[in-house]
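Every number in this text was worked out from the coordinates using simple rules, so none of it is lab data. Here the structure is a predicted model, which means the values were calculated and not measured. Neighbour counts are summed over all protein chains in view; Cβ atoms, including those assigned to glycine, are modelled from backbone coordinates with ideal geometry.
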Amino acid sequence: MSLSAKRECLAHIHARYQRAGRPHKSRILSEFCAPCGYHPKSALRLLNHPLRTTPPKRSGPKVIYDPVEVVPVLKAVWLASDQWCCKRLKAALPEWLEHYQRRSAPLGEVFKKNC
């Protein structure tokens, strides 16, 4: 069963499980575990906590640059530099960008203000 189907099933059963009495909860739990493949303890955790209405926050730093604009340039420079590691590439990037700009199209504002 796919993850989206499991989420739909959880949303459908969650309210019913919260309203049910003790004898009915075990039957609802087994109905939920069988098709979704959850262990009963995991299913209990899902059914006893409130449902998430918002998607979880992404971990890590915020995205500053537009990947569509930055990644092709960085990939071209990285391949031209014989695939240097990130420390060396970061140090050499201002010089490489000058050469890239001469050979290819002019760079956008993202590169000019940050390099």
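Quick look at the numbers
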| quantity | calculated |
| --- | --- |
| Neighbour-count order for 107, 51, fewest beta carbons within 10 angstrom listed first | 51, 107 |
| Cα-based Rg / Dmax (Å) for the range 55-94 | 13.0, 39 |
| Efficiency of FRET between residue 27 and residue 52 - r from beta-carbon atoms, R0 25 angstrom, step 0.05 | 0.50 |
| Electrostatic dipole magnitude of the chain [Cβ: Lys, Arg +1; Asp, Glu -1; Cα centre; debye, to 20] | 760 |
| Value of Rg/Rh across the range 3-48 [Cα atoms, Kirkwood radius] | 0.92 |
| Coordinate range along principal axes, alpha carbons of the range 8-115, Å, largest first | 75, 26, 20 |
| The range 1-108 - percent relative contact order, Cα under 8 Å, separation 6 or more | 18 |
| Angle in degrees between helix 22-36 and the longest Cα principal axis of the chain, rounded to the nearest 10 | 40 |
| At R0 = 22 Å, FRET efficiency that the Cβ-Cβ distance of residue 99 and residue 66 yields, to 0.05 | 0.45 |
